[in-house]
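Take a look at the structure set out below.
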Amino acid sequence: MSSSRLNNIQKLLHEHCTPEWLDLLAFKSEEKIYPSESFLLKEGEEVKHIYIILSGKVKVFTTEQPNEERIIRLAGDGYIVGHRSFGKNFNFPVSAKTLTTSTVLQIPIQVFQNILKANNLFCYHFLMFMAEELKDSEIHIKELTNNTVLQRVAKVIKINAEVFGYSIVEKNMLSFTLSRKDIANFAGTTYETVIRTLNTLEKMEVIKTNKKNLYILNSKKLHKMIEHKNVKQSAD
């Protein structure tokens with residue numbers, strides 16, 4: 001099963017839970033609309049719900065210093081948020097904020113836990129999702145240490161495209177482009193370096209920018225750049 005399919009928790013619920021549990025889920029959960037720049041959850045708060053993004057775009061991050069974010073992951077349609085709180089202490093270890101107006105399904109934590117206990121197939125696929133996400137997080141930490149800024153920014157652009165998709169109006173244009181500041185926070189670099197790196201990628205004809213929008217012109221070249229061991233550093 002592909003990682004993108006594993007990420008769609010909404011789809012996994014409907015494929016691997018019994019009708020009775022899906023009816024209970026619908027009865028106990030609440031659908032809510034969050035405006036852009038709204039917190040779904042805040043670091044340190046007690047866990048009361050698990051959140052599934054029905055439509056919208058969300059960033060998950062930790063605050064290393066006051067007003068300094070480090071983005072951990074992105075969440076789009078069908079993705080789950082808040083599950084990293086599972087463990088002994090049910091407090092959120094991270095924060096999540098909407099990047100656009102988002103429609104979210106709020107599932108009481110106890111209901112979600114009961115669904116996991118009662119639906120073996122869903123529990124298995126959720127375990128596979130958690131393992132895949134943990135692996136991705138470990139790879140990301142390794143890349144922050146070993147990869148060049150050019151590769152890290154390219155990887156963020158790739159993730160941006162995979163999670164949020166492309167525009168249905170303009171060819172090659174991302175449906176939503178992270179702000180330059182968010183790209184920097186995700187790639188572990190500075191705003192100024194991101195601007196220079198995007199200019200470098202544009203000169204290489206890998207991407208194109210138009211105001212806040214970003215186009216991926218050569219996805220194969222972008223992917224090879226991320227994987228290659230000897231990619232030159234972008235100019236500082």
The size of the Cβ-based charge dipole (Lys, Arg +1; Asp, Glu -1) of region 48-125 about the Cα centre, to the nearest 20 debye, is 160
Angle, helix 109-118 long axis vs. longest principal axis of the chain, Cα atoms, 0 to 90°, nearest 10?
80
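Which of rounded, prolate or oblate describes region 167-228 when judged by the alpha-carbon gyration tensor and an a/c cut-off of 1.5?
Values: a/c = 1.68, a/b = 1.15, b/c = 1.46.
Verdict is oblate for region 167-228.
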On Cα atoms only, tilt of 120-146 relative to the major axis of the chain in degrees:
30
Computed magnitude of the charge dipole of region 94-187 (debye, nearest 20; Cβ of K, R +1, Cβ of D, E -1):
180
With the chain treated as a Gaussian network of Cα nodes joined by springs under 10 Å, which of 186, 86, 129 yields the largest mean-square fluctuation?
86
Å² of accessible area per residue within the chain, as computed with a 1.4 Å probe and no ligands counted:
54
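Using a probe of 1.4 angstrom, how much of the accessible area of region 50-193 is carbon and sulfur, in percent?
After summing per-atom areas, the C and S share lands at 54 percent.
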What does the extension gain come out to for residue 131 and residue 33, with contour length at 0.36 nm per residue minus their alpha carbon separation?
32.3 nm
Against the longest principal axis of the chain, how steep is helix 191-203, in degrees 0 to 90 to the nearest 10, with axes from Cα atoms?
70
Would you please classify the overall shape of region 30-96 from the alpha carbon gyration tensor, given that a ≥ b ≥ c denote the square roots of the eigenvalues, rounded means a/c under 1.5, and beyond that prolate means a/b larger than b/c while oblate covers the rest?
oblate
Considering only 87, 72, 55, whose Cα is most displaced toward the positive end of the charge dipole of region 1-99, charges sitting on Cβ of Lys, Arg (+1) and Asp, Glu (-1)?
72
Among 183, 140, 127, which residue has its Cα positioned farthest towards the positive end of the charge dipole of region 127-231, with +1 placed on the Cβ of Lys and Arg, -1 on the Cβ of Asp and Glu, and the dipole taken about the Cα centre?
183
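First obtain the Kirkwood hydrodynamic radius of region 66-155 from its Cα pairs, then insert it into the Stokes-Einstein equation at 37 °C and 0.692 mPa s, and state the resulting D in µm² per second as a whole number. Could you put the intermediate results ahead of the total?
On the way: Rh = 15.7 Å.
The calculation lands on 210 µm²/s.
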Which of the aspartates and glutamates could be linked to residue 28 by a straight reach, that is with a Cα gap under 14 Å, when you skip same-chain ones fewer than 8 residues away?
20
Note, ³J(HN,Hα) from phi for region 59-72, Karplus 6.51, -1.76, 1.60, rounded to Hz, x at Gly and Pro
10, 10, 8, 10, 9, 6, 9, x, 6, 10, 8, 10, 6, 9
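The values are calculated or read from the model by the stated rules, or taken from the named source; none is laboratory data. Nothing here was measured: the structure is a model prediction, and the numbers come from that model. Counting neighbours? That spans all protein chains shown, and the Cβs are built from the backbone with ideal geometry, glycine included. Side chains are part of the model used for accessible areas, which takes the heavy atoms of the whole protein and leaves out ligands, DNA and RNA. Shrake-Rupley method; radii C 1.70, N 1.55, O 1.52, S 1.80 Å.
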